[in-house]
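Below: one structure, written as structure tokens.
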Amino acid sequence: MARLVMKFGGTSVADLERIRNVARHVKREVEAGNQVAVVVSAMAGVTNTLVGYTRDAAALHDAREYDAVVASGEQVTSGLLAIVLQDMGVEARSWQGWQIPIRTNEAHGAARIESIEGQTLIERLERGQVAVCAGFQGVAPDNRLATLGRGGSDTSAVAIAAAIQADRCDIYTDVDGVYTTDPRVVAKATRLDRVAFEEMLEMASLGAKVLQVRSVEMAMVHGVRTFVRSSFDDPEAPQIGADGSPVGTLICDEDEILEQQVVTGIAYSKDEAQISIRNVADKPGIASRVFGPLAAGNINVDMIVQNISPDGKTTDITFTVPESDYDRARKVIEENVGEIGFDNIEGATDVVKVSVIGMGMRSHAGVAAQCFAGLAEKGINIRAITTSEIKISVLIDSAYTELAVRTLHSLYGLDG
């Protein structure tokens with residue numbers, strides 16, 4: 001017998017028929033003797049509709065009332081799933097974030113989980129009751145509903161798994177696991193059986209959309225083994241994995257992965273914009289004058305490249321920001337021209353970041369050189385580079401996205 005958390009996203013609960021399909025997945029685990037907590041998102045499209053209502057009601061609205069509105073989507077789903085499970089003969093009860101309770105900070109609309117009291121849920125699970133929890137929501141210090149931001153249901157699921165000491169957190173989605181890269185770009189992409197927490201964190205932050213970044217962070221911190229699998233598999237199908245488990249990808253500690261590949265996957269992100277500041281005085285404190293105002297404006301800066309002029313007196317500074325922050329970032333820099341001092345500012349939004357990720361890179365030399373040589377052979381110019389122990393990211397023109405991803409995927413032997 002195991003204690004499981006099963007999380008189902010919006011497409012998995014898009015209508016009553018799919019909710020019944022989810023209920024069959026849950027019933028299968030209950031009949032196998034497992035203790036089960038379920039975390040659900042709002043039905044597909046519902047959150048967008050609710051957000052639209054708040055914007056139509058008032059362009060500037062109270063974040064607390066925004067949370068009261070948008071959190072209702074998960075409340076509906078949790079209640080409907082509990083009703084369907086009861087109709088199937090499974091004892092179930094819905095739980096909202098404030099009932100568990102999931103306690104968050106005061107940042108309404110983008111709250112972070114601070115604690116979860118799991119004992120009541122544990123007692124219900126031990127009595128054989130399925131707990132159907134509304135994801136994406138908790139209770140803030142002001143005792144009002146707080147939502148966790150986009151993708152927050154994944155975070156809810158991992159946090160609840162940690163709180164009830166679950167053996168595993170199963171994230172059911174519309175894909176059957178984590179792939180070496182986007183299968184829509186590379187037909188030969190293969191599903192990974194296991195991925196280390198650190199690799200998944202890099203993949204999630206660099207463009208892979210399977211899991212939300214904060215949920216991976218929480219899983220890594222609390223050691224929650226997380227399994228990504230498809231909700232569209234037949235609930236009554238036999239367990240067909242090589243080890244008797246369902247098909248999917250286990251995200252776990254590095255120690256659980258016996259054979260570590262040098263490169264695990266290739267990720268890409270189109271949400272990138274490049275800004276270059278020309279002829280900045282090369283003197284102490286100039287970087288602070290450039291990036292301080294951006295930080296004050298909550299604009300995240302990623303890649304940074306600095307080129308010194310031949311006379312050593314001036315420098316060009318190039319950096320990237322999310323494309324959605326491009327106009328705001330340019331405005332911040334232009335407003336601080338007197339403080340920074342530069343000749344002109346240039347920018348581009350037709351860029352993409354392509355990343356090579358793998359724990360094995362720690363102990364293998366030449367991975368970066370392979371990347372640069374492979375791209376050069378295809379005539380792909382690199383605008384900027386950033387690296388860490390387990391990743392190499394390059395900024396290139398967006399027109400070369402698919403060519404770059406396919407080239408690197410083949411170069412590192414990931415083609416299936």
Task: Degrees between helix 401-411 axis and first principal axis of the chain (Cα, 0 to 90, nearest 10) - done: 80
TODO: If a/c stays under 1.5 just call it rounded; otherwise compare a/b with b/c (prolate if a/b is bigger, oblate if not). Do that for the stretch 375-416, with a ≥ b ≥ c from the square roots of the Cα gyration tensor eigenvalues.
DONE: oblate
Open item on the list: Would you report the distance distribution of C-alpha pairs in the stretch 63-213 as whole percents per 5 angstrom bin, up to the bin with the largest distance?
Closed with: 2, 9, 16, 18, 18, 15, 12, 7, 3, 0, 0
Open item on the list: Would you work out the Kirkwood radius for the stretch 275-334? I mean one over the mean of 1/r across all pairs of different Cα atoms, in Å.
Closed with: 11.9
Task: Nearest-ten-degree value, helix 367-377 long axis tilted from longest Cα axis of the chain - done: 70
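Using the Cα centre as the reference, give the magnitude of the dipole from point charges on the C-beta atoms of the chain (Lys, Arg: +1; Asp, Glu: -1; all else neutral), rounded to the nearest 20 debye.
Numbers: 39 positive and 57 negative charges, 42 e Å.
I would put it at about 200 debye.
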Task: Carbon/sulfur fraction of accessible area - the stretch 14-153, other protein chains in place, 1.4 Å, % - done: 47
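In terms of the Cα gyration tensor, with a ≥ b ≥ c the square roots of its eigenvalues, is the stretch 154-253 rounded because a/c is under 1.5, prolate because a/b exceeds b/c, or oblate? Numbers along the way, then the final one.
Values: a/c = 1.80, a/b = 1.12, b/c = 1.60.
Since a/c reaches 1.5 but b/c is at least a/b, the shape of the stretch 154-253 is classed as oblate.
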Open item on the list: Using the Cα atoms of the stretch 1-106, I'd like the radius of gyration and the largest Cα-Cα distance, Dmax, both in angstrom.
Closed with: 15.5, 51
- [ ] Calculate how steeply helix 46-57 sits against the longest principal axis of the alpha-carbon atoms of the chain, using the helix alpha-carbon long axis, and give the answer as 0 to 90 degrees to the nearest 10.
- [x] 70
TODO: Pick out which of 211, 258, 121 has the largest mean-square fluctuation in a Gaussian network model of the chain, springs linking Cα atoms closer than 10 Å.
DONE: 258
- [ ] Mind listing the long-range amide H neighbours of residue 39? Cut-off is under 5 Å, sequence gap 5 or more, other chains count too, H placed in the peptide plane at 1.01 Å from N.
- [x] 6, 7, 8, 133
TODO: Could you estimate the translational diffusion coefficient of the stretch 182-310 from the Stokes-Einstein equation, with Rh from the Kirkwood formula over C-alpha pairs, at 4 °C and 1.567 mPa s, in whole µm²/s?
DONE: 71
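Taking the stretch 70-126, how much of its Cα-Cα pair set, in percent, is spaced more than 12 angstrom apart?
Details: 1161 of 1596 pairs.
Counting pairs separated by more than 12 Å, the tail of P(r) holds 73 percent.
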- [ ] Sketch the reach of a paramagnetic label on residue 191 as a point 7 Å from Cα along Cα-to-Cβ, and name the residues of the stretch 374-416 whose backbone nitrogen lies under 16 Å away.
- [x] 416
Open item on the list: What are the extents of the Cα atoms of the stretch 259-395 along their three principal axes, in Å, largest first?
Closed with: 54, 35, 27
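Could you pull out the pairs from 7/270; 7/209; 188/378; 209/331 whose alpha carbons sit more than 24 Å apart here?
7/270; 209/331
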- [ ] Over the chain, average the accessible area per residue using a 1.4 Å probe and give it in Å², no decimals.
- [x] 45
Open item on the list: Using only the alpha carbons of the stretch 14-56, what is the convex hull's orientation-averaged projected area in square nanometres?
Closed with: 3.4
Task: Helical mean residue ellipticity (222 nm; -39500 (n - 2.57) per DSSP H run of 4+; nearest 500) of the chain - done: -10000 deg cm²/dmol
Task: R0 of 25 Å, Cβ-Cβ distance residue 87-residue 117: FRET efficiency to nearest 0.05 - done: 0.25
Task: Carbon + sulfur, % of accessible area of the stretch 216-331 - ligands and nucleic acids excluded, 1.4 Å - done: 49
- [ ] Take the Cβ-Cβ distance between residue 31 and residue 247 as r, set R0 to 25 Å, and report the resulting FRET efficiency rounded to the nearest 0.05.
- [x] 0.80
Task: Environment charge of residue 344, counting only residues whose C-beta is closer than 11 Å and scoring Lys/Arg +1, Asp/Glu -1 - done: -3
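Obtain the radius of gyration and the Kirkwood radius of the stretch 325-416 from its C-alpha atoms and give Rg over Rh.
Working: Rg = 16.7 Å, Rh = 15.2 Å.
Radius of gyration over Kirkwood radius for the stretch 325-416 works out to 1.10.
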Task: Mean projected area (nm²) of the alpha-carbon convex hull when the chain is viewed from all directions - done: 22.6
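The values are calculated or read from the model by the stated rules, or taken from the named source; none is laboratory data. Here the structure is a predicted model, which means the values were calculated and not measured. Every residue, glycine among them, receives a Cβ derived from its backbone with ideal geometry; neighbour counts consider all protein chains shown. Quick note on the areas: whole protein, heavy atoms, side chains included, nothing else; ligands and nucleic acids left out. Shrake-Rupley method; radii C 1.70, N 1.55, O 1.52, S 1.80 Å.
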